[in-house]
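Note sheet for the following structure.
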Protein chains: 2
Amino acid sequence: MSTETAMLREAAEAPEAVARQLARNQDLCREIGRRLRARPPRFVATCARGSSDNAATFAKYLIEIRLGAVVASLGPSIRSIYRSRPRLADALFLAVSQSGQSPDLLSLAEAAREDGALTIAIVNEPASPLAECCEMVLPLHAGPERSVAATKSWIASLAAMLQLVAAWSADAALADIVRRLPEDLARAAAADWGAGEALLAGAEDLYVIGRGPGFAAAQEAALKLKEIAGIHAESYSAAELMHGPLALAGPRFPALAFSQSDPALDGVVELLRRLAALRVPLAVAGPAAQAVAGLPGLLALPLAEDLHPFAAPVAAVQSFYPLVERVARARGRDPEKPPHLSKVTETL
Amino acid sequence: MSTETAMLREAAEAPEAVARQLARNQDLCREIGRRLRARPPRFVATCARGSSDNAATFAKYLIEIRLGAVVASLGPSIRSIYRSRPRLADALFLAVSQSGQSPDLLSLAEAAREDGALTIAIVNEPASPLAECCEMVLPLHAGPERSVAATKSWIASLAAMLQLVAAWSADAALADIVRRLPEDLARAAAADWGAGEALLAGAEDLYVIGRGPGFAAAQEAALKLKEIAGIHAESYSAAELMHGPLALAGPRFPALAFSQSDPALDGVVELLRRLAALRVPLAVAGPAAQAVAGLPGLLALPLAEDLHPFAAPVAAVQSFYPLVERVARARGRDPEKPPHLSKVTETL
């Protein structure tokens, strides 16, 4: 395997890709924002698979927290397998896909549009079937992505959602956060999370913890740890971990946690203290790391302190990608060749 | 530890509890069904934690498949932590909780009711705060549950959802399925899944697979395997497993699969063939087991062939509970004392 993988190269391109994307999509997002304010959707439905579905989780929290619209995650199978026609009139339907190729997403997007939903495709490939069948397209402008493990397109899809929510809420402060995002990402790309290698590379099982918008980062990190590093990493919200999954906690079951400066922080900190008392080795990014400094077994992963809670999860994943790539190689795996997988997965 | 645990005893009570519940709630469900047909909700929002949230997954598939209403899973933290007021006017809000005590569910249910949603509490404890703050209560009538690992109340919550959906859809065929459920459960309680012990007790990691309504069974089985058997079991829909998680598949990572006779069956069978080719040891319940009979490493777990696809997941979990209790004991764990857990979990 080469010393620099396509995954690492593409992850490093994310800050620039996001800068390009935000500039190119600015007018489009304003237009979408105007439409959504003029006729507020009754609710929002997202449709996505794999890492794109983790990105949809980010949209769910942003929209529910900032705009008060309820967001449902619709499984494509509802239409493609069960032939149901979910009622989506007056809803906003967000389809998220890097390739825009999945036929099952397509059939649900078509049904949503026929039913009168405002359908928006968030895709990296604007010439794709999914983009063609949706009323509006929010292109990621991330450029070609060759690595099986999506990186820059994932970061770009979160940036697209943040820009969309800022435009929809017409919130000038949030628009500033969006403008600062490429710089936040550039700093995060330069941050060194290499200290996490020892903890992660030796683990066979792992919980990845996040809450609120940070839960999307936890989902994405867990998927990548499975996909390229061969570690059985499972994501949990800090609250859900207390219901049952805590039974597995112990010295041989480390946890990686993402946190941001928002009202969910206290709950994450409380959980980390609980885990530390159970001698769980911890790697923690964000303000929770400062809050539990000095706990035994704690490794703090550097994340800028001035990040907005909606930017922190995106920046954290930017710093995480080189770490997971490194962990994969330390475990003797080629990050470019995750076992049994291909770039586009077509499912029934 | 005693030879018969409270968990085993309570799980065995489920068929009778469900018979009692269906009889007592019949008129109430008819009334709810009339209201929902007279004023169809724009969408549905569920709110639950832990195993109750797995039960809510069952409601999601039933409602989306049979009634075409989109179902969103709302995290209680949206209200309790983030102080957001999700717009729920004209929605159906279903809160699911065995104890009805969780303060975070309460604050979201109150907000939903104030906003004009029809709020229904599905609870085992009708004198609970959650039941009091919802407009309507669908009691589980499961009787006291002492085991930390909920069993009969979980089965009862699925039965309640099935009865609710049958009444809402005014579908006589589905009403028949509901009427047959106690008998289906009694047969399932008598089925012997003990052959699964060897495969599960030796596993440290496991995927639990289901699709559509069967995904709820997979989520519940994975949670119980973690909670009382100390196995890192993770649930996946058959489609999502193909995106990344397949990278972990191999001889040391068994899979337990639930299936039912519905259009999702082909996809489950396709995945099982794929897993068998990767030498993944398989334990399979439902018609997928017949479809892949003869595959190397396959263990078929008995499930009646005449089960309706909405009844099969409930029956499968009824048969699974004694198995997981047995697996826990085989691994030297007391099913009554899962590490670090208590019966009611209060989360911020």
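State which residue is farthest from A:L241 (Cα to Cα) when the search covers only the stretch B:52-83 and only residues that are open to solvent by 10 Å² or more (accessible area, probe 1.4 Å) and hydroxyl-bearing (S, T, Y). Among residues in the stretch B:52-83 that are open to solvent by 10 Å² or more (accessible area, probe 1.4 Å) and hydroxyl-bearing (S, T, Y), the one farthest from A:L241 (Cα to Cα) is B:Y61. Figure legend. Inter-residue proximity from the stretch A:259-282: first residues more than 9 Å from every other protein chain (Cβ to nearest Cβ) and closer than 21 Å to B:S80 by Cα, second residues among the charged types (D, E, K, R) and crowded, with 24+ Cβ neighbours inside 10 Å, beta-carbon distance below 6 Å, spacing 6+ or different chains. Indicated pairs: A:V268/A:R211. Give B:E64, B:E31, B:E4 a once-over and let me know the one that is in a helix (DSSP H, G or I) and out of contact with any strand residue (DSSP E or B) (no Cβ under 7 Å at 6 or more places or on another chain). One residue alone meets the criteria, B:E31.
Annotation: A:E240 fulfils all but one of (1) in a helix (DSSP H, G or I); (2) modelled with pLDDT of 95 or more; the unmet one is (2). Counting the residues of the stretch B:187-236 that are touching a residue at least 60 places away in the same chain (Cβ under 8 Å), part of a helix (DSSP H, G or I) and open to solvent by 30 Å² or more (accessible area, probe 1.4 Å) gives 6. The residue that is most open to solvent (accessible area, probe 1.4 Å), among those in the stretch A:97-115 that are away from chain B (no Cβ under 11 Å) and of a type in the set (D, E, K, R), is A:E114.
A quick yes/no check of all residues on (1) at pLDDT 95 or above; (2) under 17 Å from the mean Cα position of the chain (by Cα); (3) not small (G, A, S):
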site	(1), (2), (3)
A:A285	yes, yes, no
A:A289	yes, no, no
A:A304	yes, no, no
A:L307	yes, yes, yes
A:A311	yes, yes, no
A:A315	yes, yes, no
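Scanning the stretch B:263-277 for residues that are surrounded by fewer than 20 Cβ atoms within 10 Å (Cβ to Cβ) and touching a Phe, Trp or Tyr at 6+ places or on another chain (Cβ under 9 Å) yields one hit, B:P263. Checking each residue in the stretch A:68-79 for being in a helix (DSSP H, G or I) and at the interface with chain B (Cβ under 9 Å from one of its Cβ atoms) picks out A:S77, A:I78. Of all the criteria given as (1) open to solvent by 20 Å² or more (accessible area, probe 1.4 Å); (2) farther than 16 Å from A:S319 by Cα; (3) in a helix (DSSP H, G or I), the one not satisfied by A:R49 is (3).
Go through the stretch A:238-251 and give me each residue that's at the interface with chain B (Cβ under 10 Å from one of its Cβ atoms) and either open to solvent by less than 10 Å² (accessible area, probe 1.4 Å) or in contact (Cβ under 8 Å) with a residue 12 or more places away in the chain (or both).
Keep residues of the stretch A:238-251 that are at the interface with chain B (Cβ under 10 Å from one of its Cβ atoms), which gives A:238-250.
Hits for the stretch A:238-251 are A:A238, A:A239, A:L241, A:M242, A:G244, A:P245, A:L246, A:A247, A:L248, A:A249, A:G250.
Answer yes or no: is there a residue in the stretch A:202-220 that is over 23 Å from A:E16 (Cα atoms) and in contact with a Lys or Arg (Cβ under 7 Å, 6 or more places away or on another chain).
Of all residues in the stretch A:202-220, those over 23 Å from A:E16 (Cα atoms) come to A:202-212, A:215, A:218-219.
Next, from what is left, pick out any that are in contact with a Lys or Arg (Cβ under 7 Å, 6 or more places away or on another chain): none.
Checked the stretch A:202-220: no residue is over 23 Å from A:E16 (Cα atoms) and in contact with a Lys or Arg (Cβ under 7 Å, 6 or more places away or on another chain).
Can you confirm whether B:L130 is within 12 Å of chain A (Cβ to nearest Cβ), open to solvent by less than 10 Å² (accessible area, probe 1.4 Å) and in a helix (DSSP H, G or I)? First the steps, then the outcome.
Working: within 12 Å of chain A (Cβ to nearest Cβ): no; open to solvent by less than 10 Å² (accessible area, probe 1.4 Å): yes; in a helix (DSSP H, G or I): yes.
It is false that B:L130 is within 12 Å of chain A (Cβ to nearest Cβ), open to solvent by less than 10 Å² (accessible area, probe 1.4 Å) and in a helix (DSSP H, G or I).
Just to be sure before I move on: is A:A304 within 24 Å of A:A190 (Cα to Cα), part of a loop (DSSP other than H, G, I, E, B) and among the small types (G, A, S) in the structure I sent? In short, yes. If we scan the stretch B:88-96, do we find a residue that is crowded, with 18+ Cβ neighbours inside 10 Å, in a helix (DSSP H, G or I) and more than 13 Å from chain A (Cβ to nearest Cβ)? No - not one qualifying residue is present in the stretch B:88-96. Only a single item in (1) within 14 Å of chain B (Cβ to nearest Cβ); (2) more than 18 Å from the chain's Cα centre (by Cα); (3) assigned to a loop (DSSP other than H, G, I, E, B); (4) surrounded by 17 or more Cβ atoms within 10 Å (Cβ to Cβ) is not met by A:S147, and it is number (2). Taking the criterion of being of a type in the set (A, V, I, L, M, F, W, C) and either within 15 Å of the chain's Cα centre (by Cα) or surrounded by fewer than 22 Cβ atoms within 10 Å (Cβ to Cβ) (or both), the residues of the stretch B:252-262 that qualify are B:F253, B:A257, B:F258. For the stretch B:207-237, the candidate set comprises residues that are farther than 25 Å from A:L341 by Cα, at the interface with chain A (Cβ under 9 Å from one of its Cβ atoms) and of a type in the set (D, E, K, R); within that set, the residue that is nearest to the chain's Cα centre (by Cα) is B:K224. Only one of the numbered conditions (1) open to solvent by 40 Å² or more (accessible area, probe 1.4 Å); (2) more than 14 Å from chain B (Cβ to nearest Cβ); (3) touching a residue at least 40 places away in the same chain (Cβ under 8 Å) is not met by A:E4, and that is (3).
Of everything in the stretch A:243-280, what is outside any loop (DSSP other than H, G, I, E, B), of a type outside the set (V, I, T) and closer than 22 Å to B:S73 by Cβ? Give them in sequence order. Write out each step before concluding.
First pass over the stretch A:243-280, keeping only residues outside any loop (DSSP other than H, G, I, E, B): A:245-248, A:250, A:253, A:255-258, A:265-277.
Now drop any that are not of a type outside the set (V, I, T), which leaves A:245-248, A:250, A:253, A:255-258, A:265-267, A:270-277.
Of everything in the stretch A:243-280, those that are outside any loop (DSSP other than H, G, I, E, B), of a type outside the set (V, I, T) and closer than 22 Å to B:S73 by Cβ turn out to be A:P245, A:L246, A:F258, A:G267, A:L271.
Report whether or not A:V123 is within 14 Å of chain B (Cβ to nearest Cβ) and either open to solvent by less than 10 Å² (accessible area, probe 1.4 Å) or touching a residue at least 60 places away in the same chain (Cβ under 8 Å) (or both). Against the criterion (within 14 Å of chain B (Cβ to nearest Cβ) and either open to solvent by less than 10 Å² (accessible area, probe 1.4 Å) or touching a residue at least 60 places away in the same chain (Cβ under 8 Å) (or both)), A:V123 does not qualify.
The values are calculated or read from the model by the stated rules, or taken from the named source; none is laboratory data. Worth saying up front: this structure is predicted, and the values here are computed from it rather than measured. For neighbour counting, all protein chains shown are included, and Cβ atoms are generated from backbone atoms with ideal geometry for every residue, glycine included. Side chains are part of the model used for accessible areas, which takes the heavy atoms of the whole protein and leaves out ligands, DNA and RNA. Shrake-Rupley method; radii C 1.70, N 1.55, O 1.52, S 1.80 Å.
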